[in-house]
């Protein structure tokens, strides 16, 4: 959520930001109009209450002076003012509700150096690492590898839950477990994160706090009876850990990491993304979340992104870092990097991490503040998050890049202690 004071004072900049984001539906003009109406109502109510207070005192004076007729007439006038105040209070509640809904649908303006483009075609590669593997045979995609090794079972996953579900079996399931345990160990022992085990279902206001609601309700899963929402990422519960709190001076930065299942409605009906386990409704992910002081958010984003890159480099997986253009930015991000890993069997780059800064956008929605110094007035924190990393696409990259001519797959060296010493999946 944006600062309404900033919006009033920077209308031109706000309009330009919405143009860059290619967002013609953001109700920022409506929000400003409702804000003006709200302030006018408040001013009128305040004036009427002052008039009523003065009149009430005059009624008392007239009664003491035994001027009954004048007192009765003034009482009637005060009663009419009271009715007008009640009417305006009801109107104010209506306007404030509309204002709140409009504010919740305005996206975060981009940072000045974000590339301007209407869509993902404007994303800019800013880093490449590693060489694509070369084979003396034709590499095959992960769905063929997984079926032949009996470690991925898409058919039975569909039987259990429908399309876009799958099973991992044997070494496949163990590979996933090895990956997220290793991710957590690196982040907690080397990168300074504190591990969190959060709920996988949350209340509606928690989804609002991170910007998933009200805009993206159609891609979320919900238990209507209990009004619980299944998390699309650990970012949602972890960011809201400090909602409606003031973090005391000297406590920032705070780094948290969590491994959770994620639940999303993937609306893909045709094309190459249908095959395999690239786009599914349930997947495992390790998420990094940061709470920082505003002046540090860009440096923290670089550090956060590097934390994810370290994992790919140690796995020996070629990747590229993209700076995301305005037309492809998420609703809440002011700047974002995507890390895409090369998958040799599919012959494409697969996103395995999005690392973003939100400035105080989420903090305003969730009311997360910090005290810059002892005794100072609280300010809104800045929040960041990034995948560190997302599965099953890392599994896809390992299977396809480490595949051998005989159909086996070499286990990356860093994972072997987590795989019971297994070096090759046969």
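Quick check on residue 165: is it more than 29 Å from residue 265 (Cα to Cα), touching a residue at least 12 places away in the same chain (Cβ under 8 Å) and assigned by TED's automatic domain parsing to the domain that holds residue 350? No. Just name the residue that is surrounded by the fewest Cβ atoms within 10 Å (Cβ to Cβ) out of those in the stretch 315-344 that are under 19 Å from residue 130 (Cβ atoms) and out of contact with any strand residue (DSSP E or B) (no Cβ under 7 Å at 6 or more places or on another chain). My answer is 316. Of all the criteria given as (1) modelled with pLDDT under 95; (2) out of contact with any helix residue (DSSP H, G or I) (no Cβ under 9 Å at 6 or more places or on another chain), the one not satisfied by residue 163 is (2).
Going through 66, 30 one at a time, which residue ends up being within 30 Å of residue 114 (Cβ to Cβ) and outside the structural domain of residue 328 (by TED's automatic domain parsing)? Don't jump to the end; show me each part of the working.
On the way: 66 fails: within 30 Å of residue 114 (Cβ to Cβ).
Sole residue among the options that is within 30 Å of residue 114 (Cβ to Cβ) and outside the structural domain of residue 328 (by TED's automatic domain parsing): 30.
So for the stretch 239-256 (the condition being crowded, with 21+ Cβ neighbours inside 10 Å, within 21 Å of residue 393 (Cβ to Cβ) and assigned by TED's automatic domain parsing to the domain that holds residue 291), does at least one residue qualify? Checked the stretch 239-256: no residue is crowded, with 21+ Cβ neighbours inside 10 Å, within 21 Å of residue 393 (Cβ to Cβ) and assigned by TED's automatic domain parsing to the domain that holds residue 291. Of everything listed in (1) without any contact (Cβ under 8 Å) to a residue 12 or more places away in the chain; (2) touching a strand residue (DSSP E or B) at 6+ places or on another chain (Cβ under 7 Å), the single unmet condition for residue 123 is (1).
Sort out which residues of the stretch 33-55 are over 27 Å from residue 9 (Cα atoms) and without any contact (Cβ under 8 Å) to a residue 40 or more places away in the chain, and write them in order of number.
Residues of the stretch 33-55 over 27 Å from residue 9 (Cα atoms): 48-55.
Those that are over 27 Å from residue 9 (Cα atoms) and without any contact (Cβ under 8 Å) to a residue 40 or more places away in the chain: 49, 50, 51, 52, 53, 54, 55.
Exactly one residue out of 60, 55 is over 29 Å from residue 120 (Cα atoms) and loosely packed, with under 14 Cβ neighbours inside 10 Å, and it is 60. Per this entry, residue 212 is not counted among residues that are over 23 Å from residue 164 (Cβ atoms) and surrounded by 17 or more Cβ atoms within 10 Å (Cβ to Cβ). Of the residues screened, residue 133 is one that is touching a helix residue (DSSP H, G or I) at 6+ places or on another chain (Cβ under 9 Å), closer than 25 Å to residue 407 by Cα and assigned to a loop (DSSP other than H, G, I, E, B).
Yes or no, residue by residue, for (1) free of Cβ contacts under 8 Å to residues at least 40 places away in the same chain; (2) within 30 Å of residue 4 (Cβ to Cβ):
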residue: 57; (1), (2): yes, no
residue: 67; (1), (2): yes, no
residue: 71; (1), (2): yes, no
residue: 75; (1), (2): yes, no
residue: 84; (1), (2): yes, yes
residue: 92; (1), (2): no, yes
residue: 98; (1), (2): no, yes
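Yes/no per residue for (1) out of contact with any strand residue (DSSP E or B) (no Cβ under 8 Å at 6 or more places or on another chain); (2) within 28 Å of residue 406 (Cβ to Cβ); (3) crowded, with 19+ Cβ neighbours inside 10 Å:
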| residue | (1), (2), (3) |
| --- | --- |
| 152 | no, yes, yes |
| 160 | no, no, no |
| 163 | yes, no, no |
| 177 | yes, yes, no |
| 187 | no, no, yes |
| 190 | yes, no, no |
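Only strands (runs of 3 or more DSSP E) whose full extent lies in the stretch 313-426 are considered here, and the ones with at least 1 residues that are under 27 Å from residue 275 (Cβ atoms) are 319-323, 335-343, 348-357, 382-390.
The values are calculated or read from the model by the stated rules, or taken from the named source; none is laboratory data. Please read all numbers here as calculations on a predicted model, not as lab measurements. Backbone-built Cβ (ideal geometry, glycine too); neighbour counts: all protein chains shown.
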